[in-house]
1. Distance in nm between label sites at Ala218 and Ile105, each 7 Å beyond Cα in the beta-carbon direction?
2. Quickly work out the Met84-to-Thr29 label distance, labels modelled 7 Å from Cα along the C-beta direction, and quote it in nm with one decimal.
3. So if each residue of separation counts as 0.36 nm, and I subtract the Cα-Cα distance between Gln233 and Val49, what length gain in nm does that give?
4. Using only the Cα atoms of segment 1-70, construct the convex hull and provide its projected area averaged over every direction, in square nanometres to one decimal.
5. Given labels modelled 7 Å from the Cα in the Cβ direction, how far is it in nm from Leu208 to Arg194?
6. Give the label of the value calculated from the structure for semi-axes √(5λ) of the Cα gyration tensor in Å, choosing from (1) 41, 20, 16; (2) 28, 23, 16; (3) 46, 16, 14.
7. Contour minus end-to-end for Leu56 and Phe96, with contour as 0.36 nm per residue of separation and end-to-end as the Cα-Cα distance?
8. Take the Cβ-Cβ distance between Trp149 and Leu127 as r, set R0 to 51 Å, and report the resulting FRET efficiency rounded to the nearest 0.05.
Amino acid sequence: MTPNTEWKHVTISLIAAAVFFLVCVLSFTFIDGMNGGYALAFVSFFLAVSGICVALLFVTRARAMDAILADPSPLAHWQYPEAMMQETREREYQEFRGRNYAMFILIGGMLGVVALFFILFMGEGGLETGLVLLVIAALLFAVSRVTPWLERRRAESAPREAIFTHRGFIYQGRVYPFRSFLQYYHGASFHDARRNRPAVIVFSFTQLVGQFIIRPFAITVPVPPVEEDAARQVVRELGETGPD
């Protein structure tokens with residue numbers, strides 16, 4: 001039975017939000033604003049608000065996962081062979097690493113430029129603020145390297161199954177609700193097997209990551225052998241976005 005771990009993520013997100021809010025308060029209290037206090041307070045407050053938003057996202061995910069696991073008549077419930085899951089995990093790990101590296105180059109580069117500006121031109125307090133920003137950049141680099149490895153470790157111990165309902169689906173222990181906070185579902189498409197890759201269902205979503213920033217993303221779920229007809233039926237039930 002797939003456990004619902006999303007409630008644990010809610011707790012972690014709220015704890016992180018509280019810690020960042022405390023850092024924000026301490027920055028105003030103990031660091032002169034013109035010597036970097038305002039900058040640290042702003043970053044900490046932004047991270048605190050982000051933690052609350054993430055917690056709300058996980059609340060909707062946790063409730064959806066409870067509903068999916070309790071559904072007595074899912075559209076489909078697949079169990080995957082270990083060999084198929086091992087190949088899928090390795091492919092997803094390499095793709096995850098590539099995306100993280102590209103994101104770090106963008107965000108880490110921006111932090112490095114801002115840190116250099118503080119160190120060279122801000123005078124008193126600029127060195128300390130610049131060093132803090134460089135430390136944050138270093139932490140982001142570490143996170144970008146560690147998170148793909150952690151995700152692969154999680155996938156190795158996750159249930160080798162997928163469950164589909166009209167409320168969302170669960171794949172390898174992760175839930176993907178069709179109605180969620182700041183996340184929108186657009187449909188699914190079935191793709192036949194190609195070369196050494198199995199047939200897959202691609203679920204299309206968009207996520208609001210800023211007031212005017214909408215990020216599209218897709219979740220690819222492999223189809224076990226002899227389940228192609230069932231996969232096509234799942235796509236028809238959940239709304240098709242394109243041809244095979």
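1. 2.2
2. My value for the distance between the label points is 5.6 nm.
3. On the way: separation 184, 0.36 × 184 = 66.24 nm, distance 4.07 nm.
Stretched fully, the Gln233-Val49 segment lengthens by 62.2 nm.
4. Numbers: hull surface 17.8 nm².
It is 4.5 nm².
5. Going by the 7 Å Cα→Cβ label model, 3.4 nm.
6. (1)
7. Working: separation 40, 0.36 × 40 = 14.40 nm, distance 2.44 nm.
Gain on stretching Leu56 to Phe96: 12.0 nm.
8. Details: r = 34 Å, r/R0 = 0.66.
Calculated transfer efficiency: 0.90.
Coordinate-derived values only; no laboratory data. Everything quoted here is computed from the prediction, not taken from an experiment. Don't worry about glycine lacking a Cβ; one is built from the backbone with ideal geometry, like all the others, and counts go over all protein chains shown.
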